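Engineer: Can you read through this structure? Questions will come right after.
Readers should treat all values here as calculations from the given coordinates under stated rules, not as data from a laboratory. In this text, all values refer to a predicted model and were calculated from it rather than measured experimentally. Counting neighbours? That spans all protein chains shown, and the Cβs are built from the backbone with ideal geometry, glycine included.
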Amino acid sequence: MLKYNMYSDNTHVGFFFVEEGIDKDKFTATLLKPHPTFAYILKGDCGDIDEQAMADWVYERIVPPTRQNIEMLLEKMGLNDYDQLDILKFTGGRSVHDDLWIDFSQTM
C-alpha cells in the first residue's frame, strides 16, 4: 500500500492511501485535521475515510472516461490509457471545489 501526504493549502491534514490492483486501484484516507470536504462523512471530525467515499471523491476530481476528446486529454497528460491514479497524480488531486491536494512527489 502506498501512502501520500494530503494537504489543505499548505497545511498537512492527513494521508491518502493507494492499494494498487490489477483491474482497479483502491483509495482510502485518514484525516488528521477536520476539513469541510469530508464533514458529511466524519461528522466534522477526523478519522478514517472508507474506500467507497474516497472512490467517489477521486471520481469527482478527475476527468470522466466519457469526456469528449478524452484521448487527446490523455495524450496531453502523457498517458496512453485512462487510469484514475495516473490522472490524479497529474493533477495532484486538485479541484476547483476545495483546497485539498495530494503530494505525490514522495511515498511514505
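Engineer: Quick one: what are the phi-derived ³J(HN,Hα) couplings along the stretch 96-108, Karplus 6.51/-1.76/1.60 with θ = phi - 60°, whole Hz, x for glycine and proline?
Structural biologist: Result, ordered by residue: 6, 8, 7, 9, 7, 7, 10, 8, 8, 6, 8, 8, 10 Hz.
Engineer: Hey, another quick one. Using Cβ counts within 10 Å as a stand-in for footprinting exposure, how do LEU85, LEU2, LEU74 rank, fewest first? Kindly include the intermediate steps, with their values, before the conclusion.
Structural biologist: Values: LEU85 16, LEU2 13, LEU74 20.
Neighbour counts put them in this order, fewest first: LEU2, LEU85, LEU74.
Engineer: So which lysines can LYS76 reach, going by Cα to Cα under 18 Å and dropping same-chain residues fewer than 8 places off?
Structural biologist: Counting by Cα, and skipping residues close in sequence, LYS76 has these lysines nearby: LYS89.
Engineer: Relative contact order for the stretch 4-108 using alpha-carbon pairs under 8 Å, separation at least 6, rounded to a whole percent? Write out the running numbers ahead of the final one.
Structural biologist: Working: 143 pairs, mean separation 30.4, N = 105.
Relative contact order here is 29 percent.
Engineer: Pairing the Cα long axis of helix 51-61 with the longest principal axis of the chain, what angle in degrees results, from 0 to 90 and rounded to the nearest 10?
Structural biologist: Tilt of helix 51-61: around 60 degrees.
Engineer: How about the stretch 27-67: which trypsin sites (Lys or Arg not before Pro) there lie in a loop by DSSP and see at most 11 other Cβ atoms within 10 Å? Don't skip to the end; give the middle numbers.
Structural biologist: On the way: sites: LYS43, ARG61, ARG67; in loops: LYS43, ARG67.
Sparse-neighbourhood loop trypsin sites (Lys or Arg not before Pro): LYS43.
Engineer: Here's something else I'd like to know. Apply the Karplus parameterisation 6.51 cos²θ - 1.76 cosθ + 1.60, with θ equal to phi minus 60°, to every residue of the stretch 69-80 and state each ³J(HN,Hα) to the nearest whole Hz, in sequence, with x for glycine and proline.
Structural biologist: 6, 4, 4, 5, 5, 4, 4, 5, 7, x, 10, 8
Engineer: Just want the answer: with Cβ charges of +1 for Lys and Arg and -1 for Asp and Glu, which residue in PRO34, PHE17, TYR59 is farthest toward the dipole's positive end in the stretch 4-85?
Structural biologist: So the residue we want is PRO34.
Engineer: For the chain, what is the calculated [θ] at 222 nm in deg cm²/dmol (nearest 500), taking -39500 (n - 2.57) for each run of four or more DSSP H residues and dividing by its residue count? Each step should come with its number before you reach the end.
Structural biologist: Working: 4 runs with 30 residues, N = 108.
The per-residue figure over the chain is -7000 deg cm²/dmol.
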